[in-house]
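Asker: I'd like to ask you about the structure that follows.
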Amino acid sequence: MLTLRNISFDVHDGAEGREIIRDVSLAIPDGRLVVVTGPNGGGKSTLARLIMGIEKPTSGTIELNGEDITALSVTERARRGIGFAFQQPVRFKGLRVLDLLRLAAGRDISPADACEYLAAVGLCARDYIQREVNASLSGGELKRVEIATVLARGTALSVFDEPEAGIDLWSFQNLIEVFEGMRKNIHDSSIMIISHQERILNIADEIVVLKEGRVDRQGPKDEILPELIGTPAAVAGCRKTAREVRA
């Protein structure tokens, strides 16, 4: 279980300071898929980076299964079981998909094991296991390979920052199916997705609405989603996603 207690984060530009995250407290329990949404510029991606340790909070504490991890580095948090998937996954020229999965797992997994992780994200292992993680992979393929690395790592918490960004409609449909499969199989782990997309919101167990750096609303999907549909923020988010999917 991930617990954020009174987290704030400020950035400074010269003498000026600006508060991006403001006294955020929330819990992501085991066995749940939580989607964080809200208007652009509300602090969602910053919150994800704070959880992963890419940024450090100005105040407050972050706990994973009761352990204070606020001061831990990205590497130490990964060792504790936090996985992070970027909006734009990193490409590695000269590194095969099999090599990347072995690095993620932290052990010399067999090609057969690697194939299982690829199959779980809807990729034919025969076609991908020896491919390089480079520009030859499309955005949708790269995102599914990245999700496969998260599965191989066996994380306690998997964080996905706007996974729908920059992929085509076909890849987006497959991405939804991958997340639905992950949701069915989480037990002592949890998933957090940053997203504007209604179809991702619709597979959530809980929704957190972040607005101007604060938690505006939080609760079960069936309670929060009807409140969001048709709001200006939701419409703006859907239009943004539609532009990205068409790109």
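Asker: Can you list the residues, at least 5 places off or on another chain, whose amide H is less than 5 Å from the amide H of Arg217, using H built in the peptide plane?
Answerer: Amide H to amide H, under 5 Å and 5 or more residues apart or across chains, Arg217 pairs with Val209.
Asker: Give the percent of DSSP beta bridges with both residues in the chain that are antiparallel, rounded to the nearest 5.
Answerer: 60
Asker: Would you work out the charge dipole size for region 75-204 about its Cα centre, treating the Cβ of every Lys and Arg as +1 and the Cβ of every Asp and Glu as -1, and quote it to the nearest 20 debye?
Answerer: Dipole magnitude for region 75-204 comes out near 360 debye.
Asker: Now a separate question. Put +1 on the Cβ of each Lys and Arg and -1 on the Cβ of each Asp and Glu in the chain; which of Pro89, Thr155, Pro220 then has its Cα farthest toward the positive end of the dipole?
Answerer: Pro89
Asker: From Cα pairs below 8 angstrom and at least 6 apart in sequence, can you work out the relative contact order of the chain, rounded to a whole percent?
Answerer: Relative contact order here is 27 percent.
Asker: In what sequence, highest mean first, do 201-209, 135-143 appear when ranked by Cβ atoms within 10 angstrom?
Answerer: Ranking, from highest mean packing down: 201-209, 135-143.
Asker: What are the residues whose amide H is under 5 Å from the amide H of Asn134, where those residues sit 5 or more places off or on another chain and H is modelled from the backbone?
Answerer: Excluding prolines and chain starts, which carry no amide H, the hits are Phe92.
Asker: Roughly how many debye, to the nearest 20, is the charge dipole of region 2-241 about its Cα centre, given +1 on each Lys and Arg Cβ, -1 on each Asp and Glu Cβ, and no other charges?
Answerer: 440
Asker: Once you list every other residue whose beta carbon is under 10 Å from the beta carbon of Val208, what net charge do they have if Lys and Arg are +1 and Asp and Glu are -1?
Answerer: After counting each charged neighbour, the total is 0.
Asker: Moving on. Average projected area of the Cα convex hull of the chain, in nm²?
Answerer: That works out to 13.6 nm², a quarter of the Cα hull's surface.
Asker: What ³J(HN,Hα) values, in whole Hz, does the Karplus curve 6.51 cos²θ - 1.76 cosθ + 1.60 give for region 213-227 when θ = phi - 60°, with x put for Gly and Pro?
Answerer: Running phi through 6.51 cos²θ - 1.76 cosθ + 1.60 with θ = phi - 60° gives x, 10, 6, 7, 8, 7, x, x, 3, 5, 8, 8, 4, x, 6 Hz.
Asker: Express the relative contact order of region 1-138 as a whole percentage, based on alpha carbon pairs under 8 Å and six or more residues apart in sequence.
Answerer: 20 percent.
Asker: Also, quick follow-up: Residue-wise, which Karplus ³J(HN,Hα) couplings in Hz belong to region 187-201, taking 6.51 cos²θ - 1.76 cosθ + 1.60, θ = phi - 60°, and x for glycine or proline?
Answerer: Computed from phi, the couplings for region 187-201 are 10, 9, 10, 8, 10, 10, 10, 8, 7, 9, 6, 4, 5, 6, 4 Hz.
Asker: Out of residues 5 or more away from Phe84 or on other chains, whose amide H comes under 5 Å of its own, with H placed 1.01 Å from N in the peptide plane?
Answerer: HN-HN under 5 Å from Phe84: Val159.
Since every read-out is calculated from the coordinates, none of them should be taken as a lab result. Treat the numbers as computed from the prediction; the structure is a model and nothing was measured. Neighbour counts are summed over all protein chains in view; Cβ atoms, including those assigned to glycine, are modelled from backbone coordinates with ideal geometry.
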